[in-house]
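Chemist: Structure provided below as structure tokens; questions to follow.
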Ligand SMILES: *Cc1c(COP(=O)(O)O)cnc(C)c1O
């Protein structure tokens, strides 16, 4: 059954971004495909990236890794950023997943389950996941990856980036047998000494800029679009939407578009959001509701069935996110499963 809203994923643009990240960092790209590839669909995304040369992927949760292993077969190395929780070791091993061990108890659990291929995260200044440097274990069998994560990758000038990088260079030297990975998307653009053995970008693969704003090196990948389902005249003085949030300042033509916050059009787009419709950016009027938005198309030629672009090539996802007071990551991961993902390229 056709859906009035859809998310189109441009796999050629994804491939472009993959190679752009390789070129920028000078290192192999090990894509982060957690949260269903930021909502775009982990299996089709990973398959295309494998065709482009990727052989190692990162997910966040063990269950994501189990699903991806079933879809991709035995070839790629799959790391689980969460590590090894509770009694998950058996499931991890059964699916040939490599946990990133983040704290001493995880290392003990993994060893007690017989150990095997795994990674180690060292916290170098984000105070999130990872061993503190002084608690970092001695090299051990099975350890094939040592990584850390930047706290301020979207702000290249922040001095914490260099401090984290230098701390990591020191501690990772302790593990000569392991591959070394440091940079996410932002770090890919910070120069050769941030690259180490492999980089771990996510958002830039999916069309977000490394600094949270549009970047020429990164092509848009995701287009969220929805059909106009009604066009109505709203006389001057009448109101539109919940809480009567907008009053027509003149006789207005309003297009009702079939996408709301359940489709990833965050309610925070009200009251100043804009969408691309009839060849221009036009204001959303009134509140975003769950299934629809109202767009002021006065003086434009708009009919039922016309397509409205929430973000995509004409409305950059970073600009849309900024207008809503958030980041592209949240826009992409907020799209309900009812929105079909359509793949092109
Ligand atoms: C999510 C994540 C990444 C990817 O980050 P982007 O900013 O999307 O490039 C890399 N490493 C770790 C540890 C992560 O959690």
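Chemist: Among helices (runs of 4 or more DSSP H) lying entirely in the range 50-121, which contain 1 or more residues that are more than 23 Å from the chain's Cα centre (by Cα) and either surrounded by fewer than 21 Cβ atoms within 10 Å (Cβ to Cβ) or assigned by TED's automatic domain parsing to the domain that holds residue 133 (or both)? I'd like the intermediate steps shown before the answer.
Modeler: Numbers: elements: 62-72, 89-94, 104-112.
By residue number, 89-94, 104-112.
Chemist: Conditions first: (1) touching a helix residue (DSSP H, G or I) at 6+ places or on another chain (Cβ under 6 Å); (2) without any contact (Cβ under 8 Å) to a residue 60 or more places away in the chain; (3) within 16 Å of the ligand (Cβ to nearest atom). Residue 100 passes all but one, so which condition is the exception?
Modeler: With respect to (1) touching a helix residue (DSSP H, G or I) at 6+ places or on another chain (Cβ under 6 Å); (2) without any contact (Cβ under 8 Å) to a residue 60 or more places away in the chain; (3) within 16 Å of the ligand (Cβ to nearest atom), residue 100 is out only on (1).
Chemist: Now for a different question. Only one of 187, 208, 202, 170 is within 11 Å of the ligand (Cβ to nearest atom) and either surrounded by fewer than 15 Cβ atoms within 10 Å (Cβ to Cβ) or assigned by TED's automatic domain parsing to the domain that holds residue 128 (or both). Can you tell me which? I'd like the intermediate steps shown before the answer.
Modeler: On the way: 208 fails: either surrounded by fewer than 15 Cβ atoms within 10 Å (Cβ to Cβ) or assigned by TED's automatic domain parsing to the domain that holds residue 128 (or both); 202 fails: either surrounded by fewer than 15 Cβ atoms within 10 Å (Cβ to Cβ) or assigned by TED's automatic domain parsing to the domain that holds residue 128 (or both); 170 fails: within 11 Å of the ligand (Cβ to nearest atom).
From the options 187, 208, 202, 170, the qualifying one is 187.
Chemist: Looking only at the range 249-268, filter to residues that are under 37 Å from the mean Cα position of the chain (by Cα) and assigned to a loop (DSSP other than H, G, I, E, B); which one of those is surrounded by the fewest Cβ atoms within 10 Å (Cβ to Cβ)? So that I can check it myself, show each step before the final result.
Modeler: Step one: of the range 249-268, the residues under 37 Å from the mean Cα position of the chain (by Cα) are 253-268.
From what is left, the residues that are assigned to a loop (DSSP other than H, G, I, E, B) are 258-260, 264-266.
Working: 258: 17, 259: 26, 260: 21, 264: 23, 265: 32, 266: 20.
Step by step, filter the range 249-268, then rank; the result is 258.
Chemist: Collect the residues in the range 318-328 that are within 12 Å of the ligand (Cβ to nearest atom) and farther than 17 Å from residue 223 by Cβ, keeping them in residue-number order. Please lay out each step first, then the result.
Modeler: Quick first cut of the range 318-328, residues within 12 Å of the ligand (Cβ to nearest atom) only: 327-328.
Result: 327, single match.
Chemist: I'd like the residue in the range 10-38 that is surrounded by 24 or more Cβ atoms within 10 Å (Cβ to Cβ) and under 21 Å from residue 263 (Cβ atoms) and, out of all such residues, is farthest from the ligand (Cβ to nearest atom).
Modeler: My answer is 37.
Chemist: Kindly evaluate residue 136 against the criterion of being without any contact (Cβ under 8 Å) to a residue 40 or more places away in the chain, assigned by TED's automatic domain parsing to the domain that holds residue 47, surrounded by fewer than 18 Cβ atoms within 10 Å (Cβ to Cβ) and over 27 Å from the mean Cα position of the chain (by Cα). Walk me through how you get there before you give the answer.
Modeler: Numbers: without any contact (Cβ under 8 Å) to a residue 40 or more places away in the chain: yes; assigned by TED's automatic domain parsing to the domain that holds residue 47: yes; surrounded by fewer than 18 Cβ atoms within 10 Å (Cβ to Cβ): no; over 27 Å from the mean Cα position of the chain (by Cα): yes.
No, not satisfied.
Chemist: Does the range 225-248 hold any residues that are in a loop (DSSP other than H, G, I, E, B) and either touching a residue at least 40 places away in the same chain (Cβ under 8 Å) or outside the structural domain of residue 340 (by TED's automatic domain parsing) (or both), and which are they? Let's see the steps before the verdict.
Modeler: First, pick out the residues of the range 225-248 that are in a loop (DSSP other than H, G, I, E, B): 235-238, 241, 245, 248.
241, 245, listed by residue number.
The values are calculated or read from the model by the stated rules, or taken from the named source; none is laboratory data. Treat the numbers as computed from the prediction; the structure is a model and nothing was measured. Glycine gets a Cβ as well: all are built from the backbone with ideal geometry, and neighbour counts include every protein chain shown.
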